[in-house]
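The values are calculated or read from the model by the stated rules, or taken from the named source; none is laboratory data. What you see is a predicted model, and the numbers here were worked out from it, not measured in a lab. Ideal geometry is used to build each Cβ from the backbone, glycine not excepted, and the neighbour counts take in all protein chains shown.
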Ligand SMILES: [Zn+2]
Ligand SMILES: [Zn+2]
Ligand SMILES: [Zn+2]
Ligand SMILES: [Zn+2]
């Protein structure tokens, strides 16, 4: 007897199903487990999971991303075709009406402008200013990525950070880039006090340490923030 996940591997079935789903429901379906994720993206079936943990002397970090999940490589032709068929309905529980809908920067769930404006009135904190996290000196110098990063492309094991001012990529996010659903909006500000003192590096709980402003990164784009440069720029205006 075929299971739902088997039926999803048939294009005539999955393409019709997608056209009757909201994009949020389709994304949730792909997040049921690694099998659903694989079949909806056209990935090879995932390997059976081993339950034993790697011993520390094997040099493998406990939060290492599984290769067979193809994290960050999810923009496949199949997935993009299915998403294009789904309806771009706002998924917020409090949604009433609103027609400008985009995807949440963190979780990709569709959310409309009206719900974003309503959330900003209900909890008027500055999401742009609170998008920051700090790395300890070790994580900064070794290029340890931050633990809540989103995978827009295949994850790098190490990120090369540059201290501003200097060469390299820096955050260029604007206020309008903060298209966040209610849940992610709460998530971003919930730990802001903790993030001022504790490193946001993956698998690290070190204190941030002195000079943290030079190791500040943007949680939206994962790049360093040029704090000193922007201060100078402001003064010259
Ligand atoms: Zn809405
Ligand atoms: Zn979200
Ligand atoms: Zn750290
Ligand atoms: Zn940014």
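Things worth noting here:
- Verdict on residue 59 being under 22 Å from the mean Cα position of the chain (by Cα) and either modelled with pLDDT under 90 or under 22 Å from residue 148 (Cα atoms) (or both): no
- Residue list for segment 100-144, restricted to those being within 16 Å of ligand 3 (Cβ to nearest atom) and touching a residue at least 60 places away in the same chain (Cβ under 8 Å): 132, 133, 134, 135, 136, 137, 138, 139, 140, 144
- Of note, residue 144 satisfies the criterion of being surrounded by 13 or more Cβ atoms within 10 Å (Cβ to Cβ), modelled with pLDDT of 80 or more and farther than 30 Å from residue 122 by Cβ.
- Boolean, residue 151 is modelled with pLDDT under 90 and either under 30 Å from residue 48 (Cα atoms) or surrounded by fewer than 14 Cβ atoms within 10 Å (Cβ to Cβ) (or both): yes
- The set of residues from segment 184-212 being surrounded by 13 or more Cβ atoms within 10 Å (Cβ to Cβ) and more than 16 Å from ligand 2 (Cβ to nearest atom) comprises 192, 195, 198, 199, 200, 201, 202, 204, 206, 208, 209, 212.
- Segment 200-211, residues that are touching a strand residue (DSSP E or B) at 6+ places or on another chain (Cβ under 9 Å) and either in a loop (DSSP other than H, G, I, E, B) or within 16 Å of ligand 4 (Cβ to nearest atom) (or both): 200, 202, 204, 205, 206, 208, 209
- Residue within segment 186-199 that is within 16 Å of ligand 4 (Cβ to nearest atom) and under 13 Å from the mean Cα position of the chain (by Cα) present: yes
- When the residues of segment 154-183 are filtered to those that are surrounded by 13 or more Cβ atoms within 10 Å (Cβ to Cβ) and within 14 Å of ligand 3 (Cβ to nearest atom), the one that is modelled with the lowest pLDDT is 159.
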